[in-house]
Each structure stands twice: as C-alpha cells, then as structure tokens.
Amino acid sequence: MPDQPADLLTTAAQHLRAAATAAIHDGRTTWTLGNTLRSNSPVVVDDTTTPTVLIETWAKQLEAVNAYLALLGPATGLAMARMLDQAAEALTGQDVPADEPALAVARAVLGQDGPTG
C-alpha cells in the first residue's frame, strides 16, 4: 500500500473508479429501490421497468440496507473517485493530518484500518 497521503488517495480513487465502472450496465449509473414482479420483494435495481442490475438482500433492516445500496450506486462511486483525485492533487507535498477525512475515505475504500471519525 502507498505510504504517501496523495498516493493513497490516488490508489483509492483508481480502485473505486474501476469498481464503479464495472457495476455499470447498459450505461445506467444510478440505482433505485424497486420490487420483484412476482413476490413483490424489495430490491435495488438500475431501472424499475427493465432492470439489468437487481440486488436482493436478506437483512434484518431490509429497507434501510436497500436504501443505502441504492444511494451508493456507480454514480456515487464515480463522484467519490473524482473527489479523491482532487484531494490527492490538493494534498500533494502537504503535511497531512492522520485524521484527514479524505484519507479516512481512501482507507475505507482500500479496506485499511484507520481513523474513522
């Protein structure tokens, strides 16, 4: 893993961008809440009429989990990647505190432990 803050941010941006891009189907970058046709089970879809992405969860707080997944679809991932790129550019060569929020996001994206605020 990179040890310089700007490199960590750039690595996280690249990872997030790749994952978000891979999750796009038929050019659809946003996800929304929907229901299956037969059982009417709550799901997350990329289109309520003709979905190409359908995420069905089994969770105690099903509606809350689905709402969170819909919120964090590919469009959000791509926007967060741009934010991490901008933070990397702004923080290059700077003395960056360990609790910098952008670093917390980068660490979370990369699955690293660190300050979470």
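Within the stretch 8-31, residues that are in contact (Cβ under 8 Å) with a residue 12 or more places away in the chain and farther than 11 Å from Met80 by Cα sit with their Cβ atoms under 8 Å from residues that are among the hydroxyl-bearing types (Ser, Thr, Tyr) and assigned to a loop (DSSP other than H, G, I, E, B), at 6+ positions apart or across chains, in these pairs: His25/Thr52; Asp26/Thr52; Arg28/Thr52. Just one of (1) modelled with pLDDT under 95; (2) of a type in the set (A, V, I, L, M, F, W, C); (3) assigned to a helix (DSSP H, G or I); (4) surrounded by 13 or more Cβ atoms within 10 Å (Cβ to Cβ) fails for Met80. It is (1). Filtered by the rule that a residue be more than 10 Å from Leu8 (Cβ to Cβ), outside any loop (DSSP other than H, G, I, E, B) and either more than 20 Å from the chain's Cα centre (by Cα) or among the hydrophobic types (A, V, I, L, M, F, W, C) (or both), the stretch 92-104 gives a lone residue, Ala104.
Can you tell me how many residues in the stretch 1-44 are charged (D, E, K, R) and buried (at least 16 other Cβ atoms within 10 Å of the Cβ)?
Result for the stretch 1-44: 2.
Against the numbered list (1) surrounded by 13 or more Cβ atoms within 10 Å (Cβ to Cβ); (2) in the same structural domain as Asp7 (by TED's automatic domain parsing); (3) not aliphatic (A, V, I, L, M), Asp47 comes up short only at (2).
Within the set of pairs 6 or more residues apart or between chains, which connect a residue that is under 14 Å from Gln4 (Cβ atoms) inside the stretch 87-101 to a residue that is surrounded by 10 or more Cβ atoms within 10 Å (Cβ to Cβ) and among the polar types (S, T, N, Q) with Cβ atoms less than 8 Å apart? Between residues of the stretch 87-101 that are under 14 Å from Gln4 (Cβ atoms) and residues that are surrounded by 10 or more Cβ atoms within 10 Å (Cβ to Cβ) and among the polar types (S, T, N, Q), the close pairs are Ala88/Thr10.
The values are calculated or read from the model by the stated rules, or taken from the named source; none is laboratory data. Please read these numbers as outputs of a predicted model, since none were measured by experiment. Ideal geometry is used to build each Cβ from the backbone, glycine not excepted, and the neighbour counts take in all protein chains shown.
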